[in-house]
1. Need the full-extension length gain, Gln16 to Glu97, defined as separation in residues times 0.36 nm minus the C-alpha distance. One decimal, nm.
2. I need the calculated FRET efficiency for the pair Ser30 and Ser68, taking r as the beta carbon distance and R₀ as 22 Å, to the nearest 0.05.
3. Starting with the highest mean, order 63-69, 85-91 by the number of other Cβ atoms within 10 Å, averaged over the residues of each peptide.
4. Could you give me the ³J(HN,Hα) list for the stretch 88-93, computed from phi with Karplus coefficients 6.51, -1.76, 1.60 and θ = phi - 60°, whole Hz, x at Gly and Pro?
5. Go through the stretch 101-117 residue by residue and turn each phi into a ³J(HN,Hα) via Karplus (6.51, -1.76, 1.60, θ = phi - 60°); whole Hz please, and just put x for glycine and proline.
6. Taking amide H atoms as placed 1.01 Å from N in the peptide plane, list the residues 5 or more away in sequence, or in a different chain, whose amide H sits under 5 Å from that of Leu98.
7. Taking Cα pairs under 8 Å and at least six residues apart, what relative contact order does the stretch 1-46 come out at, in percent?
8. Per-residue HN-Hα couplings for the stretch 205-216, Karplus 6.51 cos²θ - 1.76 cosθ + 1.60 at θ = phi - 60°, whole Hz, x for Gly and Pro?
Amino acid sequence: MAKALTSSSIVPAAYQGNIPNALIAMEVASRIGCSVLMVMQNLDVIHGNPSFRSKFLIATVNTCGRFSPLRYRFEGEPGTDEWGCRCVATDLESGDELVGPLVSIGMAKAEKWYQKSGSKWQTMPELMLQYRSAAFWSRVYAPELSMGMHTTDEVVDAGLGTPPPSPAAADLGEALRGLAEGQEEDEGPDVEIVTDDEPSPATDAQKDQLKSLREKAREAGVITSEDEESIEKALRARKDGSAVVEWIQELNGALIEAAQAQGSLLDEEG
């Protein structure tokens, strides 16, 4: 079963061709009583740290049959450090109300989640308060469902990793490495290098644009450090403006695709 799963193109990259990771996902799925594919699609491995996505953890609690659906109570004045959220639910067997710890903007700032570069605490505070309070609630009242693992956004906020890259990252990396080596890839984005007998050199404006896009791609998690090295190698190896334009187009397309994917992710995940 693990071999079949790792041979599929629809499982996340962390599991493709990786039987040990698939076996771990199968073990987790067995323990919490859900499908293996669902675990694979919602268990991120960030620098070796496995973590559940918040929406998956909430769904697991809501469908376990032991509690009422998780709900949220906001306290304090929006826009202040005292603004916070508690997650609450009812134990269906005893009827007791289970109130989770308060998570506030002040806590986010004190724990340095709020100040991190690109933090969604600054742009989507309400959603982040809900997701973090749900994670705290599950760790207090249903630790067997979270299996002691943190959520993906907690791992990122703790500085233990970066968000999983956009699905466009792998294809973009292949294309960039192919350009750096002067080869065309059979798979991934179509990249055509236009060359002349006497190619026009890249302008300073084109180089600056490529550097700017590279910075944006790094912040968006679209490229890896290896990809960045490939870009540097490609810039040193190819000075013609047509090639630089192709790279600019590739990064532009990848950033647009990543923004679309990130928008869908944030709607669900935060």
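Where a number appears in this text, it was derived from the coordinates with a stated rule and is not lab data. Predicted model only: the values in this text are computed from it and were never measured. Note: ideal-geometry Cβ built from the backbone for every residue, glycine included; neighbour counts use all protein chains shown.
1. Numbers: separation 81, 0.36 × 81 = 29.16 nm, distance 4.25 nm.
24.9 nm is the gain from fully extending Gln16 to Glu97.
2. Working: r = 26 Å, r/R0 = 1.18.
About 0.25, to the nearest 0.05.
3. Working: 63-69: 13.1, 85-91: 19.9.
Highest-to-lowest ranking by the protection proxy: 85-91, 63-69.
4. After applying 6.51 cos²θ - 1.76 cosθ + 1.60, I find 9, 7, 10, 6, 5, 7 Hz.
5. Going residue by residue, I get x, 7, 10, 10, 4, x, 5, 4, 6, 5, 8, 6, 6, 5, 7, 4, 4 Hz, with x marking Gly and Pro.
6. Excluding prolines and chain starts, which carry no amide H, the hits are Ala89, Thr90, Asp91.
7. Result for the stretch 1-46 is 32 percent.
8. So the Karplus estimates, Gly and Pro as x, are 5, 5, 5, 5, 5, 5, 5, 5, 5, 4, 5, 5 Hz.
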